[in-house]
Amino acid sequence: MRFAFLIPPMMLLAACGQGEEKKDKTEVSINAGDEHGGVEITAGKDGNGRIKIGGDGVGIDMKIPDFVDLDVEGDFDIDGVKLYPGSNVTTVNVDASDKNGQDKATVELGFTSPAAPAKAADWMAGEFARKNIQVQRAGDTLRGTTKDGDDFKIDFGPDGANAKGKVTITKS
């Protein structure tokens, strides 16, 4: 099965974060597959996760406590541009497939920022300009294309005095 190579690193990730104090963690959902099967990985705000692997006569479904303690904020960027300082990633959803030679993927990150939507959008637009990355802006939404050719969109909306938003990166 094509995704069997993912099993050992997933098992190592399962040990991350054990013994640490409980706090809300990033919700994670990853779905990857092709015509032969797929892998589904989920983790809730409590850190508990589940791995499902299936295809061509194989089926694995495991619950994993304290699945991962990801540093999404520290690791995430678009061509070197990070989210507004102090932002927190609240959700990560990855949907990828390679069916009939069609390699497609969509990554969505939900986030909160400690600034009003316009201020956070202004800051990120400025950071993209410093990296010579063209973005189009409509209100508090930024759109562009990564150096790898993937389309991205960053939506900022109000959340009280702060911003709440979503990054969507699409490869097709």
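Every read-out reported here was derived from the displayed coordinates using simple, explicitly stated rules and does not represent laboratory data. Remember, predicted model here, so these are calculated numbers, not experimental data. We place every Cβ from the backbone using ideal geometry, glycine too, and count neighbours over all the protein chains shown.
Side notes on the structure shown:
- Most tightly packed first, judged by the mean number of other beta-carbon atoms within 10 Å of their residues, the peptides 115-125, 143-153, 79-89 read 115-125, 79-89, 143-153.
- Counting Lys and Arg as +1 and Asp and Glu as -1 over every other residue whose Cβ lies under 10 Å from the Cβ of Ala116, the net charge comes to -2.
- Distance violations [Cα-Cα > 22 Å] among Lys82/Lys147; Lys147/Lys171; Lys119/Lys171; Lys119/Lys153; Lys104/Lys131: Lys119/Lys171; Lys104/Lys131
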